[in-house]
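Contents: one structure, followed by commentary.
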Amino acid sequence: MSETGPYDLITMGRVGVDLYPLQPGVPLAEVETFGKFLGGSPANVAVAAARLGRRTALISRTGADPFGDYVRRALRDFGVDDRWVTPVPAHPTPLTFCEIFPPDDFPLYFYRRPKAPDLEIHTTELDLDAIRAARIFWVTGTGLCEEPSRSATLAALAARAKRGTTVLDLDWRPLFWGGEGGASGDGGRTGAAAMATARPYYAAALAHATVAVGNADECEVATGEREPLAAAWALLDAGVELAVVKQGPKGVLAVHRDGTTAEVPPVEIEVLNGLGAGDAFGGALCDGLLSGLSLAVSLRYANAAGALVASRLSCSSAMPTRSEIEGLLGSG
């Protein structure tokens, strides 16, 4: 751990390169030019919080290749400590392509085979002292999908022992669990089996977390509940202190174990690319919690951050500053 003290936020899990088309509304087969961006939800959350002035770090792995070099340089350029982002010679840095059909159709294509290096995080390599000391520690459901990342994620959560704020981003990607489709409810032949495989590991992680964040599909995977209020209470029953349920165009609902409930509408904005909005929401939510803002104010702040990213092409480089978020809220 650095001599400057504990990190405000340490995230752990997926990182890679996003290759996004520079021609919105064009099928991938017809796209001619792409932009290259830092990608991966935990990386984006760390970037989002760093953009808001927080001291952040990422625990992950890349390939030992030029894309891995790019990832580590991009993290540093965004102000995210990359000391725990190490190369894996056996596996290439993952690539993610998307198609952009605003306002609500953004298919993703993950290239993470034969195995993504960010799933090669080993328990023995973790800096558990730094993880314990961080004001917020953030992990994702994707980190539970394969070994050794699964054991490392659960070991980090156990060592953390609910210190400070410990967040599980439910982050359901059925493809990573052998399932089909993009949601829990439309997973094709293998959707139900993928959910059944994942649920015990989600339960184990929730038992160590203090905050859970997810949409209806992700809540269903973790708890079996889709209705927002029922899902929130099921997450509380699973062990967390705060459940945050994202409802898309209906806004976001949060329920705290102490009985505090907040529900806020979305911020209206013209959507260009909805990918990354959830990560901006996560980074801004962390900033709000660290600032001691009320639950409702934190949610409004996080919603505005997500809206700003949804109005922009990329994810990581689109993360807003504090003045941009406050400007959008003020204009609304």
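The values are calculated or read from the model by the stated rules, or taken from the named source; none is laboratory data. Since we're looking at a predicted model, the values are computed, not measured. Because the Cβ atoms are built from the backbone with ideal geometry, glycine has one as well, and the counts that use them run over all protein chains shown.
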Exercise. Somewhere in segment 129-151, is a residue modelled with pLDDT of 95 or more, assigned to a strand (DSSP E or B), aliphatic (A, V, I, L, M) and surrounded by fewer than 19 Cβ atoms within 10 Å (Cβ to Cβ)?
Worked result: no
For this session: Go through segment 1-55 and give me each residue that's under 22 Å from Leu128 (Cα atoms) and part of a strand (DSSP E or B).
Result: Leu9, Ile10, Thr11, Met12
Exercise. Only one residue in Gly259, Gly251, Gly288, Gly239 is in contact with a His (Cβ under 9 Å, 6 or more places away or on another chain) and either under 23 Å from Tyr7 (Cβ atoms) or of a type outside the set (A, V, I, L, M) (or both). Which one?
Worked result: Gly239
Exercise. Would segment 251-272 turn up any residue that is touching a residue at least 12 places away in the same chain (Cβ under 8 Å), in a loop (DSSP other than H, G, I, E, B) and basic (Lys, Arg)?
Worked result: yes
For this session: Select from segment 234-250 the residues that are closer than 16 Å to Leu295 by Cβ and outside any loop (DSSP other than H, G, I, E, B) and list them in ascending order.
Result: Leu235, Leu236, Leu242, Ala243, Val244, Val245, Lys246
Exercise. Would segment 95-116 turn up any residue that is assigned to a helix (DSSP H, G or I) and either of a type in the set (S, T, N, Q) or closer than 21 Å to Gly283 by Cβ (or both)?
Worked result: no
Exercise. Of all residues in segment 1-53 being in contact (Cβ under 8 Å) with a residue 40 or more places away in the chain and charged (D, E, K, R), which is surrounded by the most Cβ atoms within 10 Å (Cβ to Cβ)?
Worked result: Arg14
Exercise. Applying the selection to segment 173-223, what residues are touching a residue at least 24 places away in the same chain (Cβ under 8 Å) and either in a loop (DSSP other than H, G, I, E, B) or among the hydroxyl-bearing types (Ser, Thr, Tyr) (or both)?
Worked result: Arg173, Gly182, Ala183, Ser184, Gly185, Tyr201, Tyr202, Ala207, His208, Ala209, Thr210
Exercise. Any idea which residue in segment 273-309 is surrounded by the most Cβ atoms within 10 Å (Cβ to Cβ), counting only those that are touching a residue at least 40 places away in the same chain (Cβ under 8 Å) and not in a helix (DSSP H, G or I)?
Worked result: Gly276
Seminar exercise, completed: So, first residue on the phi < 0 side of the Ramachandran plot in segment 118-136, second residue assigned to a loop (DSSP other than H, G, I, E, B) and among the charged types (D, E, K, R), Cβ within less than 6 Å, six or more apart or across chains; the pairs are Asp118/Arg14; Leu119/Glu146; Arg132/Arg163; Arg135/Asp8
